[in-house]
Amino acid sequence: MMSNPNAAQASIVAPTSRPHDGFQTSRVYDELGMQRDPNNVYLQTIDAVLTAADIVGAPHHLQLILAQPKNETMVHFPVQMDDGSYALFKGYRVQHNNALGPYKGGLRFHEHVSLDDVKALALLMTMKCSLVRVPFGGGKGGVKCDPRKLSRDELMRTTRRFCVAIAPMIGPDTDIPAPDVGTNAQVMAWFADTYAQLTPDKPNGMAVVTGKPVEIGGSVGREKATGQGVVDVVAELAPEMGIDLKGARVSLLGYGNVGSWAARIIADRGAKVVAVMDHTGALANENGFDTVALAEYAKEHGGIAGFEKGRGGTATANNPGLGGDPISEKEFYSTKVDVFIPAALEQMINEENAEWIDAKIIAEGANAPTTPMGERVLLKKGVEIIPAILCNSGGVAVSYFEWVQNKSHVTWDIERVDEELNRHMVLAARRTKLARHRYECDMRTAAYIASLEQIAKVYNLRGIFP
Ligand code: GLU
C-alpha cells in the first residue's frame, strides 16, 4: 500500500504496513483508551477506517470523532409471549455520526446482536452514506433475539415495544431506521405504525423508517435494492477485472434478502449461480441454479437445505438440474468461481476459509463479512475485494429515495428507482476506482478514502461547535 505524499504534512504519519497484531499504530487507540483486540469487529472496522484516514491525511480530531459513535443507547423492555409469560429483551440504537445528515441505518433482530457489533455497523453506515452520496449520517440498531423462534404476534409486540423504547431518540428528521438482518417490510410497518401512534403531532411520522411496504409509503424497488446494487457495482467493475458477467460463475454465501436478490439479478444478466451456502446447508449445481425457485424455496423453508436436484421447476434438456447437490462447507468455499458474494453476517470469511476460496472477485453483499486476516490471505492470492460500503450501499440509496418520496408526497416508478440507483452505484464505484489509482491501495482502503474525503470536507466547512 502506498501512502499519499501529502500525508507526511499531516499530524499522523501514514503507516506503510501494519504491525504483527493486524492493527496499525494510530495514537487514536491510546488516546481513547481502546484495547487492540484483533477479533473485535468494531476495532477491525475502525482500524480499516483509520488506515485510510492516515493515508489521506485526515486531521487527527476527525479520526478521534469517527473512532467513537456520538450516541450509544441500550434499552431493556418486557414483551408478553403467546403463553402468557414475559421475556425481557435487550435492544440498541447507536448513532455514529450525523455531520452529513440525519442518522440512518437498519434494525437487526438476531441472537448475536451486541453493542460492538451495532457500533461497527453504525460506523459502516456513516462511511457508506458518504461514499454513495446520500445526505445521511450513520446509525444502526438491533434487538438481541432469534426472530425465527418468535411467533408473528410475539415479533409484532417485540417490534412495537422496541419502538417505544427508542422513540425519544429517533424521528423522520433525526434518525431513520430501516430493515437489516432478521427484519423486513412487515417489521417496518409495525414500527412505523407504533411511532405514528406515539407522535400524533408529527404530520409525517410514518417516514421514521424506510423499507416499508409499498402500500404504506415504501418505495418500489427497495426490497431488491441491496442485491441490485451489488450487481450494479460488479457489472461496473468486472470488465476491467477481465470478467464478462455473461457466463460468469457465481457463488453466494447467504440466501436471504440480499443474497437471493443478487442471485436473481446476476442470473438475469447471464451469470450462472453454481454454489450456494446458508445456515442450513450448502448446494452446488454446475449448470446454474434456478435462482427464482431457490428464493421461493428458501423463503418457505427458512433456508436452502433440501433444494436438491429435481426441485425448482421442470428439468429440461438445456437445464437438467434446477436444484443442487449437497456439498460440504469446504467444497462450497473451494468452488471455482469468478464472483463470490458473501451476503450473510459479519466475519464469515476468515484466515482458514480464505485459503480455500477460488474466486476472482469477492463482492461484499453483507456488512464486514471478511476479517482482516481473511482479507490479507485473499489479497495475497490476488483476489479483488469489493468492500461492503461500496458493494451493498444500494439498500440505503433506495432508502434515501423512499425518504425523499415520503417527504415530498410523491411516488416514483420502478424505472426511475432503478436508474437513480444505478447512477449512485456507478458513481460510487468510479469514486473508489479513482481513489485506488491515486493512492495505489486496495479497494477497501480506496472506498474509505473516497468516503472520508467527503466527510473531511464537510467537517472543514462546518467546523466544530462552538
Ligand atoms: N440495513 C441496510 C444496510 O446495512 C440498509 C440501511 C438503510 O436502508 O437505512 O445498509
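Might you let me know whether the stretch 395-413 holds any residue that is under 23 Å from Ile362 (Cα atoms) and open to solvent by 20 Å² or more (accessible area, probe 1.4 Å)? Taking every residue of the stretch 395-413 in turn, none turns out to be under 23 Å from Ile362 (Cα atoms) and open to solvent by 20 Å² or more (accessible area, probe 1.4 Å).
Total residues in the stretch 236-268 satisfying the condition of being over 23 Å from the mean Cα position of the chain (by Cα), of a type in the set (Asp, Glu) and assigned to a helix (DSSP H, G or I): the figure is 1. Among residues of the stretch 105-123 that are over 19 Å from Thr370 (Cβ atoms) and open to solvent by less than 10 Å² (accessible area, probe 1.4 Å), none has a beta-carbon under 7 Å from a residue that is at pLDDT below 95 and near the ligand (Cβ under 10 Å from one of its atoms) at least six positions away or on a different chain.
In this structure, is Val143 of a type in the set (A, V, I, L, M, F, W, C), crowded, with 22+ Cβ neighbours inside 10 Å, away from the ligand (no atom under 11 Å from the Cβ) and assigned to a loop (DSSP other than H, G, I, E, B)? Considered against the rule, which asks whether it is of a type in the set (A, V, I, L, M, F, W, C), crowded, with 22+ Cβ neighbours inside 10 Å, away from the ligand (no atom under 11 Å from the Cβ) and assigned to a loop (DSSP other than H, G, I, E, B), Val143 comes out as no. Taking the conditions (1) acidic (Asp, Glu); (2) more than 16 Å from the ligand (Cβ to nearest atom); (3) at pLDDT 95 or above; (4) in contact with a Gly (Cβ under 8 Å, 6 or more places away or on another chain) in turn, Asp117 satisfies each one other than (2). Restricting to the stretch 92-110, name every residue that is over 18 Å from the mean Cα position of the chain (by Cα) and either away from the ligand (no atom under 16 Å from the Cβ) or under 16 Å from Leu345 (Cβ atoms) (or both). Passing the criteria: only Ala99.
When the criteria are applied in full, Leu43 meets the requirement of being touching a Lys or Arg at 6+ places or on another chain (Cβ under 8 Å) and buried (at least 21 other Cβ atoms within 10 Å of the Cβ).
Arg148 fulfils the conditions (1) farther than 17 Å from Trp403 by Cβ; (2) open to solvent by less than 50 Å² (accessible area, probe 1.4 Å) except for a single criterion, (2). Could you list, in sequence order, all residues of the stretch 171-194 that are within 16 Å of the ligand (Cβ to nearest atom), open to solvent by 10 Å² or more (accessible area, probe 1.4 Å) and either closer than 28 Å to Asp82 by Cβ or of a type in the set (Lys, Arg) (or both)? Within the stretch 171-194, Pro179, Asp180, Val181, Gly182, Thr183, Asn184, Ala185, Gln186, Ala189 meet the criteria. Looking across the stretch 435-466 at every residue that is over 20 Å from the mean Cα position of the chain (by Cα) and hydroxyl-bearing (Ser, Thr, Tyr), the one that is farthest from Leu378 (Cα to Cα) is identified as Tyr459.
Evaluation of Lys202 against the conditions (1) surrounded by fewer than 21 Cβ atoms within 10 Å (Cβ to Cβ); (2) in a helix (DSSP H, G or I); (3) not small (Gly, Ala, Ser) shows that the sole unmet condition is (2). If you check every pair at least six apart or on different chains, which have Cβ atoms under 9 Å apart with a residue in the stretch 427-454 that is on the phi > 0 side of the Ramachandran plot first and a residue that is surrounded by fewer than 21 Cβ atoms within 10 Å (Cβ to Cβ) second? Pairs found: Glu440/Met1; Glu440/Met2. Which of the residues belonging to the stretch 27-69 are in contact (Cβ under 8 Å) with a residue 40 or more places away in the chain and among the aromatic types (Phe, Trp, Tyr)? Answer for the stretch 27-69, where residues must be in contact (Cβ under 8 Å) with a residue 40 or more places away in the chain and among the aromatic types (Phe, Trp, Tyr): just Tyr42. Reported count of residues in the stretch 269-281, each being open to solvent by 10 Å² or more (accessible area, probe 1.4 Å) and part of a strand (DSSP E or B), is 4.
The values are calculated or read from the model by the stated rules, or taken from the named source; none is laboratory data. Values in this document were obtained by computation on a predicted structure and should not be read as measured data. Cβ sites come from the backbone with ideal geometry, for glycine too, and all protein chains shown count toward neighbours. In case anyone asks, the SASA skips ligands and DNA or RNA and just uses the protein heavy atoms, side chains included. Shrake-Rupley method; radii C 1.70, N 1.55, O 1.52, S 1.80 Å.
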